[in-house]
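K.L.:
Shown below is the structure under consideration.
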Amino acid sequence: MEPIKENYQETNLTRLSTHKYPWEKFLQEGIEYLQSHNIDCLPPSNDHLYIKMENGEIVEVEHPNKDKKDYTRPIIRFGMIAGGKNLLINDYFKTTLSEKCNVLCFDSEIDQVIAAIQGNRTESFMIIRGISDYHDGTLNKEWQPYSSLCAASFMKTIIYKIPTNLHSYSDNNDDEL
């Protein structure tokens, strides 16, 4: 996993604005397909950012980089997912995990996924998530179709990179991760 992460971070910093990763092409194809079937999967045009204050009040704030956002180019993040229903109600613990353990997101149902993986005695696995909720636990259903499509596009890229026959695998670098 580390080589994929390093390759992505290197190329993401130096890529031209016209360069597209394979998952961006799959994302565009998916959007076009779903829209042709009258399924709305675009990100909302009026996205709002909220922060939960210490007193529990939720306040709307302006996006820090709203002019630089390009929703046709999703960002891939590599890191930890924390889970468990009790964890989600403790804001102090979530903030501490984010800062000290590089936890990128919290999922109340990830423990069920991990239990299924352990139950099947699978030793190596990768979880790809499309994140649509905010760090403070505010749910954002409007982003779910788009974030799911982003995750599926990235997974499709990985599947397409798996050699079907290890002896005939070519070193075609046209669509490197």
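K.L.:
Taking 0.36 nm per residue of separation and subtracting the Cα-Cα distance, what length does fully extending L34 through E109 add?
P.N.:
Full extension of this stretch gives 24.3 nm more.
K.L.:
Still on this model: Can you list the residues, at least 5 places off or on another chain, whose amide H is less than 5 Å from the amide H of Y50, using H built in the peptide plane?
P.N.:
It is V61, by chain and number.
Read-outs: derived from the displayed coordinates by stated rules, not from any lab. This is a predicted model, so every value here is computed, not measured.
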